[in-house]
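A.B. asks: My questions all concern the structure below.
The values are calculated or read from the model by the stated rules, or taken from the named source; none is laboratory data. Only a predicted model underlies this, so the values are computations on that prediction, with no experimental measurement involved. So basically every Cβ, Gly included, is an ideal-geometry build from the backbone, and we count neighbours across all protein chains shown.
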Amino acid sequence: MRSSTLILAFAASRAVAQYTNQSKPFNLVLSSSNKTLDGALLGACHEGAAIEGLCFFSGPKNASASYNQYTFNTTSGATPVPNIGIAGLLTYTLPTGDGNIPSALRISADLTSNVAVPLFFPGPDTATLVGFDTNNKLFLPQYYDDTVVPPKYNPEPVYRWYVCTTEDDYVYTTLAWVIGTHSPENPSCQKVHVTRAFV
Ligand SMILES: *[C@@H]1O[C@H](CO)[C@@H](O)[C@H](O)[C@H]1NC(C)=O
Ligand SMILES: *[C@@H]1O[C@H](CO)[C@@H](O)[C@H](O)[C@H]1NC(C)=O
Ligand SMILES: *[C@@H]1O[C@H](CO)[C@@H](O)[C@H](O)[C@H]1NC(C)=O
Ligand SMILES: *[C@@H]1O[C@H](CO)[C@@H](O)[C@H](O)[C@H]1NC(C)=O
């Protein structure tokens with residue numbers, strides 16, 4: 001009984017937050033001290049059935065290609081949080097023979113590594129909340145600073161983006177997120193920032 005009440009409460013809270021206010025489409029542009037990466041676009045790449053990673057492609061850029069276009073879904077009338085603004089879902093529309101599949105970015109950890117591979121999955125339900133700062137840089141919101149005792153409420157944007165050779169069904173050069181304040185354990189990782197550029 002008790003757990004079903006909890007599940008209902010959880011389902012209700014998800015139902016209240018509808019991430020249906022969609023931004024204009026944009027590209028995700030890398031910036032890096034490595035000239036090969038700097039200015040490149042992140043493209044959606046196949047990582048499984050209806051699952052895509054964010055891949056670095058070395059070829060010519062095509063800003064209007066659908067695999068290079070993303071949107072930001074927020075809840076209508078959300079209240080901005082100091083330093084964070086309004087967090088929402090990074091969304092991608094996967095074109096398929098059976099129609100378009102609205103997908104949202106999820107970052108889930110392999111608990112044995114500090115390098116996580118962001119992936120798009122169908123639907124909004126398990127997505128990771130992200131934000132864009134006033135310079136259009138992509139970040140993850142951190143609400144509690146647990147490097148102090150006791151953990152302190154201190155909303156801050158965090159930018160632990162890297163480009164790494166990752167293996168999440170396929171070996172690709174992808175965007176990755178490094179968990180915590182240490183260096184990535186994957187030696188291929190190169191520090192980047194990710195900026196949205198509206199098309
Ligand atoms: C994003 O918003 C659009 C417009 O409301 C909606 O059609 C789409 O399903 C949303 N994407 C996700 C992944 O929920
Ligand atoms: C720059 O990035 C490319 C693509 O990941 C990589 O092949 C190359 O080794 C990097 N160059 C340096 C100097 O790290
Ligand atoms: C870029 O993408 C658009 C939309 O998919 C396509 O029509 C166009 O042919 C592509 N351009 C190049 C140079 O591949
Ligand atoms: C919807 O999002 C846009 C930016 O993406 C924002 O300018 C607008 O105020 C939002 N609308 C509502 C009702 O929250």
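A.B. asks: Quick check: is even one residue across the stretch 107-128 surrounded by fewer than 18 Cβ atoms within 10 Å (Cβ to Cβ) and in contact with a helix residue (DSSP H, G or I) (Cβ under 8 Å, 6 or more places away or on another chain)?
C.D. replies: There is at least one residue in the stretch 107-128 that is surrounded by fewer than 18 Cβ atoms within 10 Å (Cβ to Cβ) and in contact with a helix residue (DSSP H, G or I) (Cβ under 8 Å, 6 or more places away or on another chain).
A.B. asks: Another one. Hey, among T166, T147, which residue is more than 23 Å from F132 (Cβ to Cβ), modelled with pLDDT under 95 and of a type outside the set (A, V, I, L, M)?
C.D. replies: Criteria check complete, one pass: T147.
A.B. asks: Checking N68 against (1) within 16 Å of ligand 3 (Cβ to nearest atom); (2) surrounded by 13 or more Cβ atoms within 10 Å (Cβ to Cβ); (3) more than 29 Å from E156 (Cα to Cα); (4) modelled with pLDDT of 95 or more: exactly one of these is not met. Which one?
C.D. replies: Tallying (1) within 16 Å of ligand 3 (Cβ to nearest atom); (2) surrounded by 13 or more Cβ atoms within 10 Å (Cβ to Cβ); (3) more than 29 Å from E156 (Cα to Cα); (4) modelled with pLDDT of 95 or more, N68 fails exactly one: (3).
A.B. asks: I'm checking my understanding of the structure. Among residues of the stretch 44-71 that are without any contact (Cβ under 8 Å) to a residue 60 or more places away in the chain and within 20 Å of K191 (Cβ to Cβ), which one is nearest to ligand 1 (Cβ to nearest atom)?
C.D. replies: Only one residue tops the list, namely F57.
Matching residues to (1) at pLDDT 95 or above; (2) buried (at least 20 other Cβ atoms within 10 Å of the Cβ):
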position: A11; (1), (2): no, no
position: V16; (1), (2): no, no
position: G53; (1), (2): yes, yes
position: A63; (1), (2): yes, no
position: A78; (1), (2): no, no
position: I84; (1), (2): yes, no
position: D98; (1), (2): no, no
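A.B. asks: Just checking: which of the strands (runs of 3 or more DSSP E) contained wholly in the stretch 27-91 hold 1 or more residues that are among the aromatic types (F, W, Y)?
C.D. replies: Qualifying strands (runs of 3 or more DSSP E): 51-56, 71-74.
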